[in-house]
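Please read the structure below before turning to the comments.
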Amino acid sequence: MFDKIINELSLFATLCGSCSENNAVVEFADALKLNGELNDERVLILKPDAFYSSKRMSDPPPSPDCLVLVKCLAEDHYDLYLVELKDVDATKQLQYRVIAAKFQTMAERFFVEFATIFDAINYGAIKFYLVTTYPKGGGSLSEEDYRKKIKGSHLDIYASVKPLLLFGKAVLIEPKPSPLILSAC
């Protein structure tokens with residue numbers, strides 16, 4: 001699949017070597033690295049924002065910051081992660097309908113347009129993440145403490161909304177503190 005994506009001319013400008021925006025970051029487990037750098041035979045990162053940009057179209061739809069694909073070694077499948085990165089001090093800017101529209105663009109437009117690449121693939125995990133810098137120091141909290149910290153905020157709503165559909169799977173947008181560390185499969 002990586003070769004098909006790399007050879008797709010309209011996706012070439014979306015290829016990227018990292019997933020970060022300001023202080024919101026996705027990091028990768030050592031098993032996904034080779035000599036300290038991302039192993040490009042195992043991980044491919046695309047920037048949908050580069051595809052859905054005003055340089056390419058007059059009225060681009062909203063889109064998430066990163067599409068991360070991880071080739072799994074043990075089985076013949078890929079893990080797919082869509083990630084929106086937000087460097088914020090408060091959650092007012094993280095309203096569900098605004099963030100969900102970005103993920104819907106991918107499910108309803110991007111993966112439809114590139115169905116010849118993405119449809120025939122076996123997927124293990126399909127995850128949608130909203131990675132934020134709120135609360136400050138959230139990356140050092142346990143999952144339980146993080147949930148307590150975001151309780152009552154705009155992020156608390158994400159667990160109770162209807163999931164989005166991608167490749168026949170119902171997927172919730174999961175808020176996570178920065179840095180989010182993706183592991184090998």
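The values are calculated or read from the model by the stated rules, or taken from the named source; none is laboratory data. In this text the structure is predicted, and so the values were computed from the model without any measurement. With ideal geometry, Cβ positions are generated from the backbone for all residues, glycine too; neighbour counts draw on all protein chains shown. Heavy atoms of the whole protein, side chains included, go into the accessibility calculation; ligands, DNA and RNA do not. Shrake-Rupley method; radii C 1.70, N 1.55, O 1.52, S 1.80 Å.
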Considering only segment 102-140, how many residues are within 17 Å of Lys71 (Cβ to Cβ) and among the hydrophobic types (A, V, I, L, M, F, W, C)? 6
Tell me, which residue of segment 89-102 that is buried (at least 16 other Cβ atoms within 10 Å of the Cβ) and aliphatic (A, V, I, L, M) is nearest to His154 (Cα to Cα)? Leu94
How many of the residues in segment 165-176 are in contact (Cβ under 8 Å) with a residue 40 or more places away in the chain and open to solvent by 20 Å² or more (accessible area, probe 1.4 Å)? 6
Is it true that Ser54 is more than 27 Å from Tyr158 (Cα to Cα) and in contact with a Pro (Cβ under 7 Å, 6 or more places away or on another chain)? yes
